[in-house]
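Worksheet for the structure shown next.
Every read-out reported here was derived from the displayed coordinates using simple, explicitly stated rules and does not represent laboratory data. Since we're looking at a predicted model, the values are computed, not measured. A quick note on method: Cβ atoms are made from the backbone with ideal geometry, for glycine too, and the neighbour counts reach across all protein chains shown.
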Amino acid sequence: MQEYSIMRLGGLIEDKGETFCQRLVANFSCLLNNDLEHFLKNTAMENQKKNISRTSLVYASLGEQKVLVGYYSLAIQVLTLEGDISKSIRKQITGFIGYCPACFSIQIYVMR
């Protein structure tokens, strides 16, 4: 059975430094989606430092070696809704029907 472990990028930056972390992610590739590869290599550390998102690295154990096989990144963003939104849609989004102006904002989690 494959064993996986997760390491927080923020903890690695604090403990080992940015140069170490850049070397860790340098060999990561995603053949199906170049944007994922680009985000990890070029944006994730900066977003971590600016408190925009939190990224965790996923490692698989291959014999004695741990290999970076993926990552996930969570961010909180604001979603602004405008216009005539039905009560049922408002309830699905906010969890309640109560008063809801024509334009309102909610915080959402975004996962990469």
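Here the relative contact order of the chain, from alpha carbon pairs under 8 Å that lie six or more residues apart, stands at 25 percent. In order along segment 48-62, the Karplus-derived 3J(HN,Hα) couplings, from 6.51 cos²θ - 1.76 cosθ + 1.60 at θ = phi - 60°, round to 4, 5, 8, 6, 8, 8, 10, 10, 10, 9, 10, 10, 10, 8, 10 Hz, and Gly and Pro are given as x. Sites counted here are GluC sites (Glu not before Pro) in a DSSP loop (not H, G, I, E or B) having no more than 16 other Cβ atoms within 10 Å; the longest part of the chain that contains none of them is 4-63.
Which shape class, rounded, prolate or oblate, goes with segment 4-73 when its Cα gyration tensor gives a ≥ b ≥ c as root eigenvalues, a/c under 1.5 marks rounded, and past that a/b bigger than b/c marks prolate? Taking the square roots of the gyration eigenvalues as a ≥ b ≥ c, segment 4-73 is oblate.
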